[in-house]
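Only one structure is covered here, and it is reproduced in the block below.
Nothing in this text is a laboratory measurement; each read-out follows from the coordinates by a stated rule. Just so you know, these numbers come straight off a predicted model, no measurement behind them. Using ideal geometry, Cβ is built from the backbone for each residue, glycine included, and neighbour counts are taken over all protein chains shown.
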Amino acid sequence: MLQRGVRILHNIEDSLLVIILLTMVILAFSQIVMRNFFDTGTIWLDPLLRVLVLWVGLLGALVATRQDKQISVDVLTRILPEKLKTLSNIFTRSFAAIVSTIIAWNSFRFLIDEWHSGVTAFASVPAWLPESIIPFGFTVIALRYTFQVITLLLQTAKGNGNP
């Protein structure tokens, strides 16, 4: 049952990523057509596209973290013995979890400040609403790295140090 729920969440992430990316392409194309052929455009569309880039970036990071496809420099890990590779993975993922937690916490505090300030992002949309992806995304990333570290520690404790 838990795996089914996780699979549903993964499908939601993937679907949101595809929908937002397609929306960005369609909106950007329509803005280009309106500007070049009709000498007009929608004034709030460019800020909306910037916000959607933020959402695509963080949703992409969520998917990359989930699939263990994040950018990494693994020159050292290619030459390390298996036990040291595992320790290196535990260290780097722990560090990533800590950094992601710090970013999530501070972006949440920033979000609260934005909410109190009443600033708008575009049209009449309050700035805190599109920015809410930042603390949410980094919280999920931190949790995923934490679960990866726990999994590695459990595998190491069982004697199977290979992730």
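With an 8 Å cut-off on Cα pairs and a minimum separation of 6 or more residues, tell me the relative contact order of the range 1-63 in percent.
On the way: 25 pairs, mean separation 29.1, N = 63.
Relative CO of the range 1-63 lands at 46 percent.
The angle between the Cα long axis of helix 2-38 and the main principal axis of the chain comes to about 30°, on a 0 to 90 degree scale.
Would you mind ranking His116, His10 so that the residue whose beta carbon has the fewest other beta carbons within 10 Å leads the list?
Values: His116 9, His10 14.
Sorted ascending by nearby Cβ count, the order is His116, His10.
Normalised by the number of residues in the chain, the average gap of Cα pairs under 8 Å and 6 or more apart makes the relative contact order 25 percent. Given 5 Å bins starting at zero, what is the percent of C-alpha pairs of the chain in each, up to the one with the largest pair distance? Histogramming the chain at 5 Å steps yields 1, 8, 12, 15, 15, 14, 11, 8, 6, 4, 3, 1, 0, 0 percent. The residues Ser30, Ser124, when put in order of fewest to most other Cβ atoms within 10 Å, stand as Ser124, Ser30.
If you take the Cα atoms of the range 1-92, find Rg, then find the Kirkwood Rh from the mean of 1/r over all pairs, what is Rg/Rh?
1.21
Compared with the dominant principal axis of the Cα atoms in the chain, helix 133-157 is inclined by about 10°. For the chain, modelled as a GNM whose springs connect Cα atoms under 10 angstrom apart, the maximal fluctuation among Val75, Val63, Val25 occurs at Val75. The tail of the calculated P(r) for the range 80-153, taken as Cα-Cα distances beyond 16 Å, holds 57 percent of the pairs.
The ratio of the alpha-carbon radius of gyration of the range 7-54 to the globular-protein estimate 2.2 N^0.38 Å is 1.41.
Residues Val33, Val149, Val99 in ascending order of nearby Cβ atoms (within 10 Å, fewest first): Val33, Val99, Val149.
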